[in-house]
Amino acid sequence: MLKTKFSGIALVLVSGLLMVTACRKKEAPLPDNLVVFETNAAGFAAAENTLTIKVKLSRGTTTEIPVVVKFTAVNATYGTDFTTTPVGTTGGVNLTIPSGSNEASFTINKVAGALYDGDEKVNFEIFSSGAPVLIGATKQLAVSFAELVAASATAVVNGGGATYPNKVFIDLSANRQTAIQRTTWDLGFYTGSDDYRVILNSSSAMMAKQINKNDLNAVTAADTVGFSTEVAFSQTNPQAVSLPYIDYPTGDLTKTAIASIAATATDNKVYIVNRGLGIGSPAPARGWKKIRIIRNASGGYTLQHADIAATNFSSIDIAKDDAYFFKYISFENGAATIEPLKKKWDIAWTYFSNATNFGAGEVPYLFQDVVLINRNVQIAKVLVATKAYADFAEADIATQTFLTTQNAIAADWRSGGGPTTSPAVRTDRYYIVKDADNNYYKLRFTALTQNGERGYPAYEVALVKKGS
């Protein structure tokens, strides 16, 4: 009897364990992997001859995904007014999203010598995709050959994922974003005629400290004693003593780590530069440099740079260019194309060298998901309790208080994200953006992640008042 009884109990226990094990092994299915355009409308600026269009997957795949994009031209002829790369056929443009990637692109090219009236348009549609990828909602894209002032748009920011590899510049009126790998530059040189200022790459945790020497070759490792902890970010033990070595997050050019470049060359001292962090988890250190910057005879800058122990240095000349706010260099590659033309972006999403106060004064602290504004843009915050997003209209603009500091939004659009709280979009607020052409947009953020992964926030905008 006892043997039978215990055998029955054992059978029940084993059955129960098998059921639990089976339940644990069963995972929720992944959502559909969708292919979409980044946006549903785009336009050529007057000076542009090519336009790059991307198709994106919800997530990467382990196989190549063929995608066919068909197009219909309105008041334009393929080969006479425009072409595509890859070359378009009667079946459309054939693309392949590579294994391990989540995007592919093609370009639309104006034909040299063609004249445009402004009413030319090409309508693109994602026609087919290879299994198991499905076509998503944003499957149509209208491209105008005139500069676009978008009336409304929704978009997912291509931040690149949880290691935030990209800094993304967004032009609201053109409904366009430009993603740049954030470690592809080191220093930015102000192009305004009124001052000579240099900024650090604030998206890579850079710091710089001046030393009392002005001969780069005379600087050795002995001049950097103690710098490894003082001239560096610490998320676990941030120090107020390190704050002067970052560019102050408001974007005030009188509060940069590197002082104004003096007209007298001997007044310009050497700086020891911590290049901060690369991309990855854990993020690799990018190393150290010694630099000196002087003005040159052409009215621009000359950068001298070398490794700490080097006994000679390299030089790079940087000319001012009024079409941009800054011109950029990489220590490895020289001149770098980073920021779009000054009137071709409004906000930027990025990893950021911020300052925060934990109760004992400001300290440098690194933030993810920061939104910055351009130097010619103004921002006002509106609480939903005061005026609902849908109800905000042109008549409400006059009552707003607009800010011009680059961190006027910063991390205000999201909550949490610290060591004890999960981040989330704040739904109780939105922003009014006045761009360089006096267009007013209302902007609200709608997602912090895509499929649970940070680095792909989403937003929507609507034109409130068109500039005149």
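The values are calculated or read from the model by the stated rules, or taken from the named source; none is laboratory data. Computed from a predicted structure; not experimentally measured. Cβ sites come from the backbone with ideal geometry, for glycine too, and all protein chains shown count toward neighbours.
With respect to the conditions (1) part of a strand (DSSP E or B); (2) within 19 Å of GLY251 (Cβ to Cβ), VAL382 lacks only one, and its number is (2).
Checked against (1) more than 29 Å from ALA262 (Cα to Cα); (2) out of contact with any Lys or Arg (no Cβ under 9 Å at 6 or more places or on another chain); (3) in contact (Cβ under 8 Å) with a residue 60 or more places away in the chain, PHE367 meets all criteria but (3).
Quick check on THR62: is it outside the structural domain of VAL461 (by TED's automatic domain parsing), assigned to a strand (DSSP E or B) and more than 29 Å from VAL461 (Cα to Cα)? Here the answer is no, as THR62 does not meet what is asked. Report yes if some residue within region 394-401 is under 25 Å from LYS255 (Cβ atoms) and either among the small types (Gly, Ala, Ser) or in contact (Cβ under 8 Å) with a residue 12 or more places away in the chain (or both); otherwise report no. Checked region 394-401: at least one residue is under 25 Å from LYS255 (Cβ atoms) and either among the small types (Gly, Ala, Ser) or in contact (Cβ under 8 Å) with a residue 12 or more places away in the chain (or both). Counting only strands (runs of 3 or more DSSP E) that fall entirely inside region 292-342 and contain at least 1 residues that are more than 25 Å from the chain's Cα centre (by Cα) and more than 17 Å from GLN181 (Cβ to Cβ), the qualifying elements are 301-306, 314-318. The lone criterion from (1) touching a residue at least 40 places away in the same chain (Cβ under 8 Å); (2) surrounded by fewer than 17 Cβ atoms within 10 Å (Cβ to Cβ) left unmet by SER58 is number (2).
All conditions but one from (1) in the same structural domain as ALA319 (by TED's automatic domain parsing); (2) buried (at least 24 other Cβ atoms within 10 Å of the Cβ); (3) among the hydroxyl-bearing types (Ser, Thr, Tyr) apply to SER173; the one that does not is (1).
Counting the residues of region 176-197 that are buried (at least 22 other Cβ atoms within 10 Å of the Cβ), in a strand (DSSP E or B) and modelled with pLDDT of 95 or more gives 4. Of the strands (runs of 3 or more DSSP E) entirely within region 102-148, those holding at least 3 residues that are outside the structural domain of ASN175 (by TED's automatic domain parsing) and more than 16 Å from ALA42 (Cβ to Cβ) occupy 121-129. Sub-6 Å Cβ pairs linking a first residue in region 91-118 that is over 23 Å from ASN158 (Cβ atoms) to a second residue that is of a type outside the set (A, V, I, L, M, F, W, C), at least 6 apart or interchain, are GLY92/LYS70; LYS110/ASN49; VAL111/ASP81; ALA114/ASP81, ordered by first then second residue. Of all residues in region 384-423, those that are closer than 23 Å to ILE170 by Cβ, touching a strand residue (DSSP E or B) at 6+ places or on another chain (Cβ under 8 Å) and hydrophobic (A, V, I, L, M, F, W, C) total 10.
Picking from THR80, THR52, THR89, which residue would you name as being surrounded by fewer than 17 Cβ atoms within 10 Å (Cβ to Cβ), closer than 27 Å to GLY161 by Cβ and among the β-branched types (Val, Ile, Thr)? Walk me through it before giving the result.
Values: THR80 fails: closer than 27 Å to GLY161 by Cβ; THR89 fails: closer than 27 Å to GLY161 by Cβ.
Every option except THR52 fails the conditions.
Counting only strands (runs of 3 or more DSSP E) that sit completely within region 198-284, zero hold 3 or more residues that are of a type in the set (S, T, N, Q) and crowded, with 21+ Cβ neighbours inside 10 Å.
Exactly one residue out of LYS387, LYS327, LYS381 is in the same structural domain as LEU216 (by TED's automatic domain parsing), more than 21 Å from TYR456 (Cβ to Cβ) and surrounded by 13 or more Cβ atoms within 10 Å (Cβ to Cβ), and it is LYS327.
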